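S.K.: First the structure, which I've put down as structure tokens, then a few questions once you've had a look.
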Amino acid sequence: MTAEALTGLVFLPLLAACAVAALPGRLGGGFVLAGLAPLPLCLIVLTGAVVDTGTVSLAIAGFASPLGIEWFVDPLALILLWLNTVIALVVGLYAARDYPPHSARGGRFWALWLLLTSAMNALLLSADLFNLFVTLELVTVAAIGLLVIDGKPAALRAGMRYLVLALLGSLFYLLGVALIYGQAGTLDLYQAGERLGPELLPVTALVLMTVGLLVKSAVFPLHSWLPAAHGNAPGPVSAVLSAMVVKVSIYLIWRLWLWLAADWQPDWALPMLGLLGAGAILYGSVLAFLQVRLKMMVAYSTVAQLGYLMLLFPLFGPLGFTAATYHLLSHGLAKAAMFLAVSNILAVMGTDRLDRLGGADRRLPLDTLTLALAGVSILGLPPSGGFVSKWLMLQAAWAIEGWGWLIVILAGGLLAAAYLFRPLAVLCARPATARPADDVRAPSPAGLRWGGIVALMLALAALVAGLAPAPVLTLLEGGLPPGARP
Amino acid sequence: MSHAEVWVVAAAAVFGIGLYSLLIAAHLLRQLIAIKVMGSAIFLVLVVAAGPIDGALDGLPKALVLTGIVIAISAIAFALALLVRLAEVTGSTSLEDDADDDR
């Protein structure tokens, strides 16, 4: 049963993607449904297995490594698989409005959407350094394809810049893989580490792979491509880019440092990775505050929030690990909700320039509410998923007496309050100054309500994550990285 | 210098040439070619890693290089298609004159 569930996670969306691409038209909706709807069932089966045994692994078609590809699931991978599936499904509900699966335009969109879902699931399942490279490339190509799907000049430029940098990042990663293989003679993420030590070549390889992944995940100061890309993509695409695509690269950095190099990570590097995170939090937040466009503000907020994921390195331990993972989860939900709400605002008002959105809440009450609720989680106010993760992270910083990190976490929260209250104040301003766009290409009222409800669901999920964090935290504590185990 | 060392030095030189061109090139086509050149250098490193270990030849890196070439070609093909579209829509083949706030 578990083997079928694991295979389904990758192959159902992949086959559906091929089907939608090959046979566009009336059947499109059916293919999309067949590719996405069974995924939660697969995950329920998988969750049962992980809860029972801790980890699940599978050698595909019975070929053991090195020639075969082995998949491996632990609680961290499982939680990201859940997030990816929920985002693909729920944001997909929103995307179905803008890109009807039976239309030609929709067919192209859904083929890429399903490919992206499949590639990210495959990445999360992989335990093989080279296979991870392959899935990373697939994720990048599918994500950029989605980003430029409407052919808008700004999106094309942003996509091109993203692609050049992402290809460069992949090369650095691949060079690191080549060096690791030359030293360890294996590509298995969990075996290679045991055969290596803190010598020059393995550390060089680790640094090369990390730099490549930092480019792909847009961690400060390599974030320059992100705001334009996430700020100019179609709404549902921005949501999945910010919620998942950049996170899977950070997930890989975690895997490299905390699993592969658990015994030989250079000590000097951990605070440096943390400093990148602190830089991201402060710089991203200040730039988010300075943006004139709402969507660019949300994009810069992603730059800032990614910084918290890098704080795992200086705050490493059971607390730090659960905190960072929970942050990944709750930020994914909240940020997806935010991008969808902003996308609705953009569709109705024809612009997302803040100076032309005064009083837009009358026209868009649901989306303003979503923006506020998602903001609660990004800020880290109780009761939200963001609060749980920030609280745990503060405890972790307190426990190691890392006062600098503590201040950065608190300052990040304050700055987030500043940049999130500004658009809310504008949206609710009286008297209203904004006028909806004349050339209304906006969705129908029913479509708007539909999109608003989908976005609200995600924002509420981010809040619920704060009310009932216990199951996820317990699961994570059963799958701590080697260095954090008691 | 041993056989392997010659190859590694060659790979480093090719990688350096690619990286240098990538940094100075403004035209996107040049940038993509530079990335391709860097990729070839990495394949060279992988093939060197495949050198005889304990007398036996390791076949896996060769399989990796083959897969890598396929991926590189697909990625570059996608990049070229994107570049053509970018040139059609914006009339520009570089990202120098970038304006993100054109809404």
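The values are calculated or read from the model by the stated rules, or taken from the named source; none is laboratory data. Quick caveat: nothing in here was measured; it's all calculated off a predicted structure. Reconstructed Cβ throughout: ideal geometry from the backbone, glycine too, with neighbour counts over all protein chains shown. Ligands, DNA and RNA are excluded from the accessible area calculation, which covers all protein heavy atoms including side chains. Shrake-Rupley method; radii C 1.70, N 1.55, O 1.52, S 1.80 Å.
S.K.: Could you run through region A:127-165 and say how many residues are within 9 Å of chain B (Cβ to nearest Cβ) and either in a helix (DSSP H, G or I) or in contact with an Asp or Glu (Cβ under 7 Å, 6 or more places away or on another chain) (or both)?
M.R.: Summing the residues that are within 9 Å of chain B (Cβ to nearest Cβ) and either in a helix (DSSP H, G or I) or in contact with an Asp or Glu (Cβ under 7 Å, 6 or more places away or on another chain) (or both) in region A:127-165 gives 19.
S.K.: Residue check, residue A:382 against (1) surrounded by fewer than 24 Cβ atoms within 10 Å (Cβ to Cβ); (2) in a helix (DSSP H, G or I), all met but one. Which one?
M.R.: Only one criterion in (1) surrounded by fewer than 24 Cβ atoms within 10 Å (Cβ to Cβ); (2) in a helix (DSSP H, G or I) is unmet by residue A:382, namely (2).
S.K.: Could you list all residues from region A:53-82 that are within 14 Å of another protein chain (Cβ to nearest Cβ) and hydrophobic (A, V, I, L, M, F, W, C)?
M.R.: Answer for region A:53-82, where residues must be within 14 Å of another protein chain (Cβ to nearest Cβ) and hydrophobic (A, V, I, L, M, F, W, C): A:63, A:64, A:67, A:69.
S.K.: Going through region B:1-49 one residue at a time, which ones are among the charged types (D, E, K, R) and over 22 Å from residue A:185 (Cβ atoms)?
M.R.: Residues satisfying the conditions are B:30, B:36.
S.K.: Tally time: how many residues in region A:1-18 are more than 23 Å from the chain's Cα centre (by Cα) and either surrounded by 14 or more Cβ atoms within 10 Å (Cβ to Cβ) or assigned to a helix (DSSP H, G or I) (or both)?
M.R.: Here the count works out to 5.
S.K.: For region A:135-176, which positions are more than 21 Å from residue A:256 (Cα to Cα) and either in contact with a Cys (Cβ under 7 Å, 6 or more places away or on another chain) or not aliphatic (A, V, I, L, M) (or both)?
M.R.: Selection gives A:145, A:150, A:151, A:152, A:153, A:157, A:159, A:161, A:162.
S.K.: Among the residues of region B:52-83 satisfying the criterion of being more than 24 Å from residue B:34 (Cβ to Cβ) and more than 9 Å from chain A (Cβ to nearest Cβ), which is modelled with the highest pLDDT?
M.R.: Out of the qualifying residues, it is B:62.
S.K.: Among (1) within 30 Å of residue A:351 (Cβ to Cβ); (2) at the interface with chain A (Cβ under 7 Å from one of its Cβ atoms); (3) at pLDDT below 90, where does residue B:45 come up short?
M.R.: The single condition residue B:45 does not satisfy is (1).
S.K.: Which of the residues spanning region A:60-86 are in a helix (DSSP H, G or I) and modelled with pLDDT under 90?
M.R.: Hits for region A:60-86 are A:60, A:61, A:62.
S.K.: I would also like to ask the following. Do you know which residues across region A:45-59 are outside any helix (DSSP H, G or I) and open to solvent by 60 Å² or more (accessible area, probe 1.4 Å)?
M.R.: Listed by number, the residues that qualify are A:55, A:57.
S.K.: On to the next question. Within region A:74-95, does at least one residue satisfy the condition of being over 19 Å from the mean Cα position of the chain (by Cα) and of a type in the set (Gly, Ala, Ser)?
M.R.: no
S.K.: Name, by its number, the condition in (1) open to solvent by less than 30 Å² (accessible area, probe 1.4 Å); (2) farther than 19 Å from residue A:474 by Cβ that does not hold for residue A:78.
M.R.: The one condition residue A:78 does not meet is (2).
S.K.: Separate question: Considering only region A:309-368, state which residues are assigned to a helix (DSSP H, G or I), among the small types (Gly, Ala, Ser) and open to solvent by 10 Å² or more (accessible area, probe 1.4 Å).
M.R.: Those that are assigned to a helix (DSSP H, G or I), among the small types (Gly, Ala, Ser) and open to solvent by 10 Å² or more (accessible area, probe 1.4 Å): A:343, A:347.
S.K.: I need every pair where a residue in region A:457-481 that is over 18 Å from residue A:382 (Cα atoms) has its Cβ under 6 Å from the Cβ of a residue that is open to solvent by 60 Å² or more (accessible area, probe 1.4 Å), sequence separation at least 6 or different chains.
M.R.: A:480/A:318
S.K.: Out of all the residues in region A:19-44, which are touching a residue at least 40 places away in the same chain (Cβ under 8 Å), surrounded by fewer than 15 Cβ atoms within 10 Å (Cβ to Cβ) and assigned to a helix (DSSP H, G or I)?
M.R.: A:40
S.K.: Same structure, new question: Give region A:224-283 a look and list any residue that's in a loop (DSSP other than H, G, I, E, B) and open to solvent by 10 Å² or more (accessible area, probe 1.4 Å), or say none.
M.R.: A:224, A:234, A:262, A:263, A:265, A:266, A:267, A:268
S.K.: If you don't mind, there's one more thing I want to ask. Do we have residue A:426 as among the β-branched types (Val, Ile, Thr), surrounded by 14 or more Cβ atoms within 10 Å (Cβ to Cβ) and at pLDDT 95 or above here?
M.R.: Criteria not met by residue A:426.
S.K.: Moving on to the next point. Restricting attention to region A:173-195, and to residues there that are more than 14 Å from chain B (Cβ to nearest Cβ) and buried (at least 21 other Cβ atoms within 10 Å of the Cβ), which single residue is farthest from residue A:255 (Cα to Cα)?
M.R.: Per the criteria, the residue is A:193.
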